[in-house]
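Worksheet: the structure to be examined is printed underneath.
The values are calculated or read from the model by the stated rules, or taken from the named source; none is laboratory data. As the structure is a computational prediction, the values presented were derived from the model and not from experiment. Quick reminder, even Gly has a Cβ in these numbers, built from the backbone with ideal geometry, and neighbours come from all protein chains shown.
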């Protein structure tokens, strides 16, 4: 099997997995909400309501499609498409597991191990705002425009703190921007220099502050509660997607869940060792390579599912911020905190070495 | 050979999108084409093995500056009806200056020989480590000077944006 075919299969798999996880995240979200509010949640479609996402998707497809008369038609279509494309593009640089071996050849489970992996993710995330802005503006609706403006200013504000918290991770890992080597560096070495278990040298144990900042910013970048001001229904009806109907609305909602999936993956890779798990080297020496790779993929997905659950948990626990509170948190708290964190980490790394 | 074809596709896309920036009637479309243009330029950087420059170009220009520009254009609500009638004088001035610039460019192209395009040999000169080392050793002074310049601009904008107490 040539490399090109393998990568194509990998991309297709990732695409389908992203969509599948996004679909079942909507189901999980309802179930988690129901659990937290002491309800049952969807249980009509199929056993335990498992066919609910399919029913929802069918409904979205079959609904009448309305394009407002005074909207800019091309931009109105471009908005949700761009949002979806940017959401799907980020999964390309995430290492999904250890390399696997097919027919004597070793393939890495990463679409592209580019030299500037984490910057690529930040870049694509910063482009995601265009989908919201264009959609909100072209709807020709004051509420949608307000939602779009809120979304863009929120995303620009939180990107800075996010970038700063990534810098601290880069300072303590082996100085590469490639996500693969960031993950690999967390799989080797001893935790705090003396706990000798392979695959547990995770960045979160060295950078808890950066992790909290990154997590908060991830919430803001995904427009999730408590930072879902762009679509706060009590103030703006539906925010930027007020005028959208049918599958275009579906794309916006869907892309949000894909963003959540990808941010969970990025958080796992940056702070929780990616596909590494305690004892990975021991298993690597005793089991065939492909089985260990599959276990590592499973471990990464467990971490991802935990963070998706965490996103939902927070959504149904914490009330929405007010917009000025959101901006104040971003600029007065997270931004100085992350800069101080960079300075302290830089000083410590310079003084003690790695 | 394939990189040459890629170069020509990218270059033509860049030029066409840059033309659309100028010729679009709606400013929103201008901004959109400009974002596309920045992407094609980032593509050129990638072809020159300058991945870091390419991605920073996308983050800074397409991701931040153009968002702010789009923001402003959206809030201004530039419709055709509200556009004031312009006198023809600036148009003539623009034609003359543009024509002069074109003359200069044509003269420059005429007097220089255009070399055949050859894809650059693989080098890691544009990678993050190399760029970082260069910036913090050889070009430290200019780099720090630019940061001072940026701080001055930031403080200036804060001062301008601050509400007048009166």
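Regarding segment B:14-31, can at least one residue be identified that is under 26 Å from residue A:146 (Cβ atoms), within 11 Å of chain A (Cβ to nearest Cβ), part of a helix (DSSP H, G or I) and within 13 Å of the chain's Cα centre (by Cα)? Checked against the condition, which is being under 26 Å from residue A:146 (Cβ atoms), within 11 Å of chain A (Cβ to nearest Cβ), part of a helix (DSSP H, G or I) and within 13 Å of the chain's Cα centre (by Cα), segment B:14-31 yields at least one hit.
Each row is one residue, and each column tells you yes or no for (1) within 14 Å of chain B (Cβ to nearest Cβ); (2) surrounded by 17 or more Cβ atoms within 10 Å (Cβ to Cβ); (3) part of a helix (DSSP H, G or I).
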{"residue": "A:54", "(1), (2), (3)": "no, no, yes"}
{"residue": "A:57", "(1), (2), (3)": "no, no, yes"}
{"residue": "A:66", "(1), (2), (3)": "no, no, no"}
{"residue": "A:75", "(1), (2), (3)": "yes, yes, yes"}
{"residue": "A:79", "(1), (2), (3)": "yes, yes, yes"}
{"residue": "A:84", "(1), (2), (3)": "no, yes, yes"}
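Would you be able to say whether some residue in segment A:286-302 is modelled with pLDDT of 85 or more, within 20 Å of the chain's Cα centre (by Cα) and farther than 25 Å from residue A:178 by Cα? Checked segment A:286-302: no residue is modelled with pLDDT of 85 or more, within 20 Å of the chain's Cα centre (by Cα) and farther than 25 Å from residue A:178 by Cα. Looking across segment B:13-25, the residues that are surrounded by fewer than 19 Cβ atoms within 10 Å (Cβ to Cβ) and without any contact (Cβ under 8 Å) to a residue 24 or more places away in the chain come down to B:15, B:16, B:18, B:19, B:20, B:21, B:22, B:23, B:24.
Could you say which residue among A:160, A:229, A:215, A:249 is in contact (Cβ under 8 Å) with a residue 12 or more places away in the chain and within 14 Å of chain B (Cβ to nearest Cβ)? The match here is A:160. Yes or no: residue B:60 within 14 Å of another protein chain (Cβ to nearest Cβ), surrounded by fewer than 16 Cβ atoms within 10 Å (Cβ to Cβ) and within 21 Å of residue A:130 (Cβ to Cβ)? Judged against the criteria, residue B:60 is a match.
Just checking, does segment B:69-76 include any residue being at pLDDT 85 or above, within 25 Å of residue A:163 (Cα to Cα), in contact with a helix residue (DSSP H, G or I) (Cβ under 9 Å, 6 or more places away or on another chain) and facing chain A (nearest Cβ under 10 Å)? No, every residue in segment B:69-76 fails to be at pLDDT 85 or above, within 25 Å of residue A:163 (Cα to Cα), in contact with a helix residue (DSSP H, G or I) (Cβ under 9 Å, 6 or more places away or on another chain) and facing chain A (nearest Cβ under 10 Å). With the structure loaded, tell me whether residue A:91 is touching a strand residue (DSSP E or B) at 6+ places or on another chain (Cβ under 9 Å) and closer than 30 Å to residue A:272 by Cβ or whether it fails that test. It is false that residue A:91 is touching a strand residue (DSSP E or B) at 6+ places or on another chain (Cβ under 9 Å) and closer than 30 Å to residue A:272 by Cβ.
The condition of being at pLDDT below 85 and more than 22 Å from residue A:307 (Cα to Cα) holds for only one of A:66, A:11, that being A:66. Applying the criterion of being without any contact (Cβ under 8 Å) to a residue 24 or more places away in the chain and crowded, with 17+ Cβ neighbours inside 10 Å to the residues of segment A:1-34, the residue that is farthest from residue A:254 (Cα to Cα) is A:31.
In segment A:120-140, the residue that is farthest from the chain's Cα centre (by Cα) out of those that are surrounded by 24 or more Cβ atoms within 10 Å (Cβ to Cβ), more than 7 Å from chain B (Cβ to nearest Cβ) and closer than 26 Å to residue A:95 by Cβ is A:128. On the stretch given as segment A:14-50, residues that are more than 23 Å from residue A:317 (Cα to Cα) and modelled with pLDDT of 85 or more total 7.
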